[in-house]
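For reference, the structure is listed below as structure tokens.
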Amino acid sequence: GDLGLFSISGFPDFDSFALSIVSGTVYHVETFTPLGVSEETDTVVAVFDDMNNEIAFNDDRSDCVGCTSELFFQADYTGLAFVRVEPYFNSDSGFVAHGPFELSVTTEASLPKSSAGGTTKPGRRAEK
């Protein structure tokens, strides 16, 4: 469900959240603009396994009216994963996003047939 309202203040600021995951479960992670906020915060979302391997990533959702993020992943282990939300940063122009965002994590019955702009793949954990 909704995890709450957060804010990023520019590069290299990011927010990180621990997520208890269950093997075989599909997770839907998305950022969106809080009600009453007129300008979207351009977010980048990544999910890392408990060994800090990136298992899912999204910069802009496919229906990007603004630049919020959305991804799906299927856990291949039970334990902790970490969701990281950071601002979009363009090194060529120097543009750095900042501002408020809301984060939601829900479970789904299955991976979508086509991704909503994010990575759609099983979460992979490196062998210890």
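The values are calculated or read from the model by the stated rules, or taken from the named source; none is laboratory data. Here the structure is a predicted model, which is why all the values come from computation and not from measurement. Glycine gets a Cβ as well: all are built from the backbone with ideal geometry, and neighbour counts include every protein chain shown. What goes into the accessible areas is simple: the full protein's heavy atoms, side chains included, and nothing from ligands, DNA or RNA. Shrake-Rupley method; radii C 1.70, N 1.55, O 1.52, S 1.80 Å.
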Heavy-atom accessible area with a 1.4 angstrom probe orders Thr68, Thr33, most exposed first, as Thr33, Thr68
What one gets for the range 15-56 as the Kirkwood radius, inverse of mean 1/r over different Cα pairs in Å, is 12.7 Å
In nanometres, the difference between 0.36 nm per residue of separation and the alpha-carbon distance of Ser110 and Asn90 is 3.8 nm
By the mean-Cβ-within-10 Å protection proxy, highest first, 39-51, 97-109 rank as 39-51, 97-109
